[in-house]
Every structure is written in structure tokens, then in C-alpha cells.
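Reading through the C-alpha cells given below for one structure.
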Amino acid sequence: MTGTALSLSELPSALAGKFPGKVTPVPGRKDMLAALKVLPEAIVPVSQFLRDQGTFEHCALVSGVDWIDRIEVLYHLWSDEYKGYLELSVDLPADEPHVASVTPVWSGANWHERETWDMLGVRFDGHPDLRRVLMPEGYRFHPLRKSFELREPEELEVKARHV
Amino acid sequence: MSEMWINMGPQHPMTHGLWNLRIKVDGELIVDADPEIGYLHRGIEKICEYRRYNEVITLMDRTCYVAGIAWEQLYIMAAEGALGITPPARAEYIRVLSQELQRLSSHIIWYAAYVQDIGLMTPFLYGMRDRDLVLDLFQSYTGARMTYEYMRVGGVRNDVPVGFTDRCRKVMDWLDGKLVEYEKVCDNSTIFLDRTIGVGILKAKEAIQDGITGPVLRAANVARDIRRDRPYSAYPEIDFDVAIHDGADCYGRYRVRMEEMKQSVRIVRQVLDWLDRNPGPVLAEKVPRFVGTPSPPPGKEIYVERRGYPKGRGFSSMEEPHGEAMAYIINEGAEHPYRAKLRSPVFVNIAAAKDYLIGYRISDIPAIMGSVDVCLGEADR
């Protein structure tokens, strides 16, 4: 950890000062310390700032939601200092969504990003090893997209995972 | 010597479930590792989007087959958050009781399987014997040993039966003695100590960076426990200690789980005393009808049209026997979630396999991966 930890009340203003116009709070989330909407281009610097100055050293979860007109990627961070979760969300266009990877910031995000790619087709630029993790290689769909109907025949063309 | 890749799995006695650990070895030395999972993927998150809240409880049991009730509660807590429902106090205490009994049964089966992997055969039988006593308790109030289908949105299905608390106390008294015996068997065995002390070291800084949680993290001397740090259910009123160890090795993980079992017995006793003193309802009154009603017969779909329920996002996190589990539910006003996301601690703990394994030898793999306590049902979902 570099620098001294900020208190929780200082965090929003520090973020707004460091990243003007790139971070907006989302009101009404009682189960989180705070929920922030971040512009896609700022996600890595904001993550780095939160890890180093904000003590959010544990990236608990990276996941995604398909809103049909857009894809929302959610990051849940835990801080041992504040004993609570912080939610970051990034809105991406629905066709060919991609965002910078936070795996260089928290290596624990590695498989979560792989799963989000696998399930929702979000590309994480700069990810060291962006392969499918749950579905087999060669699978043609991203099953958690709303366009993927549960009962539709899949016409599987699955290659062996490794020979 | 030239390096080569070896597949350990998907069918391998070390894996305890269906997954494949690919390791790159230089002779006996592990130089790289690449775990592969997905063999048990059932698309639970997708199925949740098509089912009403109570209809997936039975699926949550199958998420993790040794800690089913933890996943039931995880999902139900997130659903309650999304729908804005508060369960009554007695239900919360019964939930805590269920969680701790589940932790006991999960840790005991971990102990039984792990110690057998290491090379001690007798404790396996001790563990299986005592785990069944805990499962009998589950059976007496949920009706099932492993797939309970007991939690409900707004509470639990039924109260504990008459005489349950006394029966449960007897099992806890029995376990008090047996947990000491478990430790004696291991701590006096040079085989066990040689194979676990200083093996599979994952230090605190690395573990936090890798997103490791649960007993593996606490064995690296990080006192993070969601039950204490962000208490849910009735945990704010419960008195217990967070077990930690500074070894950061396989032995440390064993010590942490042993201590956690003792703490679980302590928590169960507190809950039983509370349950004896406080009768009351176990299910909230104002639960929306659609949450609990069964699927309509074909042609009667009119009953499942949108009820205009408030939109919301529900989030829950809890200390499952393997670590930090999270559920995230987005409700868009329909009777099933728009999106349900589950975070499995084992998924992340397996992902870091490289960091536990590199630098050790092939014969250390069962000891190291066993100490992580993998349950593939929940990693693959």
C-alpha cells in the first residue's frame, strides 16, 4: 500500500477531484458503502486509486448484466479497513463490448473476467489469458446474453478442450 | 531435464470432483499450473432468470453438495434484499443454526477426506461417523440429509421439531470430545506433520491480491470473516472468535478449520439457548403471493403476469464453509430475477492454484489442493 488511507467520507470527494467527470455516484444502494458509475476509459486508474489510497485490496467479483441496449460490467470491491463493499459499474455498448482489464490491478479478477467474457462476450483488453472458463473452447454462444434463449437447440460444435 | 505438461484429472483421486489440474513439471518439480474447470457447469445463473424465487431453492442445494443450505440462504438473502422483505427473528436464528451445523458437516467431511489423502485411514471413519450425527439433525428438521430445500423468501419452511434443541445439545457435547480426538490423531502423526507443515505456502499479501477468502486466507493470518465484519442474519448477536493461524501453509489451514468447528459448536449452543427462550413465527407475513406459489398449469399463465413489484437490486454476502460467497440479484418487477449472479469462493481459490503449487513437488499436490477444500459444484455452478 502506498500513501495513507483515506477515510470513507473523504473518498467520494477525492475521487471526484482526481477523476473529474469520470465518476458519478449511484444513489439508493443501502447494502454497499457506495455505488459508483465509472466511464470505461477510467476504470483502471480508478481501480488503482481505490486499491492504493482507498484500501480496497480485495476484488471480490467482476460480473456483467445484459440490458439488451447496453452491457453493464459490475465490480465489487472489499476493504478490510471499512468492512464493506464498494460497487463500480461500467456501461458498454451492446455490440462488441470491450473494456480495459483490471487483472493487472487485482490478480484475483483474472477468472472473473474470463467468466464474464465466456458468459456475456465482454472483451477485457490487456487480460493475460482471456479464454473461456466454464463453457468449452469452440462454443459459439455467450449464454447469459438475453438473446440466448434457454430452450433453444444449441447446435453444438464443440472441439475437444485439449488433445 | 525437459519440461512437460501433465493432466491430473478430470478423473483423478486428488481432485474430489470433476476438474482438471494441468501441471508443467521439470522432473518432479512443478514449474507451472493451469487448472481447468467447467465439467459440472449447469447454467444455474441462466436457469434462475427463468424461475421464480422459491423455484430455484432446490437448485441452490445442488450448487454445493456439501454446503447446500449455505447457498440456499445466500440466494434467499439476496432475493429478500431485492424484494424488500425482512424475515422474523426466530427464522434468522434458525438460519444461523443451519449455517453452523452446515459448517460443521462440511469441515468434518473435509477433515475425513483430507486426512485420508495424506495417508491416515482411521480418521476418515471417525469423520464420516460424526458427520452423520450432524446430518441426522438436519434430517430431523428439514427432512433431508443434504438437499434440504428449507429456506424460504421471508424465513424458513418450518420450525424445529419438539425436543430438537436437547437432541442437538447432545450431539454438540459428543463433538466437543471428538474434535479434540481429531486433533490428537493429526498432531501426533509424523506423517501428517511432515506432509503439511511448510507445504503450499500462500502469504497474506499474495492471498489478498489473488482474491482468496475463507479458511485459506485466515490461515495466512488475515482475520477477515464476513460473519463478524459485515454480519448478516442473527450474527450481530452471536459471540464467537475468528480463527486465524500464521503458518500460511497446509497445516495452518487445518488448524483454522479445527478451530472454526469449535467456534461453530459454541455458536450452535448460543442459538439453541435463544430458541428455547423465544418462540415465534418463522415466516414473514407479507410475502408476495407469487414468490411462493407453484407454476401454473399450461393455459393459466394469466396468474404469472407482472404484479408491478418494486424494482430493486439485492446483494448478499456470507461466510460459506469455503470462504466468501456472494449473490447479486436484479429484480425488474417480474416474478423472477432479471439477472442472478453467484460468487463462489472455490472458483477463485482454484484460480490461484499456480501460486500454491509452483516450487513444490508432484507428491505435494494432494496435500496442497486438498487443504484448499475444493467443491466443484459451486465453482462451476
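The values are calculated or read from the model by the stated rules, or taken from the named source; none is laboratory data. From a predicted model like this one, the values you see are computed outputs, not experimental measurements. Here the Cβ is made from the backbone with ideal geometry for all residues, glycine too, and neighbour counts use every protein chain on show.
Descriptive notes on the structure:
- Residue in the stretch B:50-73 that is modelled with the highest pLDDT, counting only those that are within 14 Å of chain A (Cβ to nearest Cβ) and farther than 19 Å from A:Trp111 by Cβ: B:Leu59
- Within the set B:Thr213, B:Thr190, B:Thr196, the sole residue that is more than 14 Å from chain A (Cβ to nearest Cβ) and either acidic (Asp, Glu) or in contact with an Asp or Glu (Cβ under 8 Å, 6 or more places away or on another chain) (or both) turns out to be B:Thr196.
- Residue count for the stretch B:351-381, restricted to those that are within 11 Å of chain A (Cβ to nearest Cβ) and over 28 Å from B:Ile69 (Cβ atoms): 2
Per-residue answers, yes or no, for (1) exposed (fewer than 11 other Cβ atoms within 10 Å of the Cβ); (2) under 29 Å from B:Lys341 (Cα atoms); (3) modelled with pLDDT of 90 or more:
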residue	(1), (2), (3)
B:Ser233	no, yes, no
B:Arg253	no, yes, yes
B:Gln263	no, no, yes
B:Arg313	no, yes, no
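- When every residue of the stretch B:36-54 is checked against the conditions, none turns out to be under 30 Å from B:Asp136 (Cα atoms), part of a helix (DSSP H, G or I) and of a type in the set (Lys, Arg).
- Subset tally (residues that are among the hydrophobic types (A, V, I, L, M, F, W, C), within 14 Å of another protein chain (Cβ to nearest Cβ) and under 25 Å from the mean Cα position of the chain (by Cα)) for the stretch B:12-29: 3
- Residue in the stretch A:51-61 that is more than 14 Å from A:Leu77 (Cα to Cα) and surrounded by 18 or more Cβ atoms within 10 Å (Cβ to Cβ) present: no
- Condition broken by A:Leu36, with the remaining ones in (1) within 25 Å of B:Gln209 (Cβ to Cβ); (2) in a strand (DSSP E or B); (3) within 14 Å of chain B (Cβ to nearest Cβ) satisfied: (3)
- Qualifying residue in the stretch A:95-115 (condition: more than 9 Å from every other protein chain (Cβ to nearest Cβ), in contact with a Phe, Trp or Tyr (Cβ under 9 Å, 6 or more places away or on another chain), farther than 23 Å from B:Ser344 by Cα and surrounded by fewer than 18 Cβ atoms within 10 Å (Cβ to Cβ)): yes
- Matching residues in the stretch A:116-140 - criterion: being of a type outside the set (D, E, K, R) and more than 11 Å from chain B (Cβ to nearest Cβ): A:Trp117, A:Gly121, A:Val122, A:Phe124, A:Gly126, A:His127, A:Pro128, A:Leu130, A:Gly138
- Complete set of residues in the stretch B:1-28 that are closer than 14 Å to B:Pro366 by Cα, part of a strand (DSSP E or B) and of a type outside the set (S, T, N, Q): B:Met8, B:Leu21, B:Arg22, B:Ile23
- Exclusive hit being within 27 Å of B:Val372 (Cα to Cα) and either within 14 Å of another protein chain (Cβ to nearest Cβ) or part of a helix (DSSP H, G or I) (or both), set B:Asp176, B:Asp239, B:Asp166: B:Asp176
- Complete set of residues in the stretch A:46-94 that are closer than 26 Å to B:Ala207 by Cα, more than 9 Å from chain B (Cβ to nearest Cβ) and touching a residue at least 60 places away in the same chain (Cβ under 8 Å): A:Glu81, A:Tyr82, A:Ser89
- Taking the conditions (1) part of a strand (DSSP E or B); (2) in contact (Cβ under 8 Å) with a residue 60 or more places away in the chain; (3) buried (at least 16 other Cβ atoms within 10 Å of the Cβ); (4) within 14 Å of chain A (Cβ to nearest Cβ) in turn, B:Asp32 satisfies each one other than (3).
- Scoring B:Lys184 on the criteria (1) loosely packed, with under 13 Cβ neighbours inside 10 Å; (2) touching a residue at least 60 places away in the same chain (Cβ under 8 Å) leaves a single failure, condition (2).
- Taking (1) more than 10 Å from chain A (Cβ to nearest Cβ); (2) on the phi < 0 side of the Ramachandran plot in turn, B:Ile47 satisfies each apart from (1).
- Counting only helices (runs of 4 or more DSSP H) that sit completely within the stretch B:333-379, those holding 1 or more residues that are over 18 Å from B:Asp32 (Cβ atoms) and at pLDDT 85 or above correspond to B:345-351, B:365-372.
- Qualifying residue in the stretch B:183-192 (condition: part of a loop (DSSP other than H, G, I, E, B) and in contact with a Gly (Cβ under 9 Å, 6 or more places away or on another chain)): yes
- Yes/no for A:Gly28 being in contact (Cβ under 8 Å) with a residue 24 or more places away in the chain, closer than 25 Å to B:Leu83 by Cβ and among the small types (Gly, Ala, Ser): no
- From the list B:Gly143, B:Gly154, B:Gly163, B:Gly119, the lone residue that is closer than 19 Å to B:Leu272 by Cβ and either in contact with a Gly (Cβ under 7 Å, 6 or more places away or on another chain) or of a type in the set (Gly, Ala, Ser) (or both) is B:Gly163.
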